[in-house]
Each structure stands twice: as structure tokens, then as C-alpha cells.
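S.K.: The structure's right below; bear with me while I get my questions together.
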Amino acid sequence: MKKVTLTELSNNIDRLLVTVLETGIPLEINKNGNLLKILPVVKKGKLKNLTFQPDVIQGNPDDLVNISWEQEVNIDLS
């Protein structure tokens, strides 16, 4: 992470912001001992939020139509 003072940020803000966007490396600003960070916001696609579900059936849904469940399920309907 690159560290700069507030004066350096003021003098070179355009160049520093372009660098953050191009590299993805955050910029740390020191203002009187207090630290601030500038970092790029990375947009994630909707599918990136999905998590792996090992119990989910993977494959062709048409294959489910021909499955015989009689041996798997024993329901007494009487």
C-alpha cells in the first residue's frame, strides 16, 4: 500500500487516483497522525455471490423425469 501525506495527495491527486484504479492497490493518506484510505470499489457480478451447494443436483433436468422413486420412498397412503 502506498502511503502519502495530505500535501502529496493535494499536489498529485489525479495521478494518484489513476494509479489506484489501474493497480487496485489502496492509497493511505496520513493527516496529522490520522490515517485514511482510498481504494477502488470492485463491482462483483451477480453470480459471484453464489456459493457451492454440494446437495444440489447438477445435470440435465430432463433426466429427473424418468427417475423411479418407488424404491426410495415408502409412503403409506392408507
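We did not get these values from a lab; they are worked out from the coordinates using the rules stated. On a predicted model such as this, the values are computed, not experimentally measured, just so you know. For neighbour counting, all protein chains shown are included, and Cβ atoms are generated from backbone atoms with ideal geometry for every residue, glycine included.
S.K.: Using only Cα atoms, locate the centre of region 46-62 and the centre of region 1-19, then give the distance between them in Å, rounded to an integer.
M.R.: Taking the Cα centre of each part, region 46-62 and region 1-19 sit 44 Å apart.
S.K.: Which value, in Å³ per residue, describes the convex hull spanned by the Cα atoms of region 25-78?
M.R.: Spread over its residues, the Cα hull of region 25-78 gives 212 Å³ apiece.
S.K.: What's the extension gain from SER68 to ASN11 if we count 0.36 nm per residue and subtract their Cα-Cα distance?
M.R.: Details: separation 57, 0.36 × 57 = 20.52 nm, distance 7.30 nm.
Using 0.36 nm per residue and subtracting the Cα-Cα distance, I get 13.2 nm.
S.K.: Among PRO26, PRO40, PRO54, which one shows the biggest mean-square fluctuation in a GNM of the chain, springs joining Cα atoms closer than 10 Å?
M.R.: For the chain, modelled as a Gaussian network with Cα springs under 10 Å, the answer is PRO54.
S.K.: Given the options LEU27, LEU16, LEU47, which has the most mean-square fluctuation in a GNM of the chain, springs set between C-alpha atoms less than 10 angstrom apart?
M.R.: Its mean-square fluctuation being the largest, the pick is LEU47.
S.K.: Now a separate question. Compute the helix-to-body angle for 6-23: its Cα long axis versus the longest principal axis of the chain, expressed 0 to 90° and rounded to tens.
M.R.: 30 degrees
S.K.: A further question on this structure: Which net charge results for the neighbourhood of GLU22, defined as the other residues with beta-carbon distances under 13 angstrom from its beta-carbon, given Lys and Arg at +1 and Asp and Glu at -1?
M.R.: Once positives and negatives cancel, what remains is +1.
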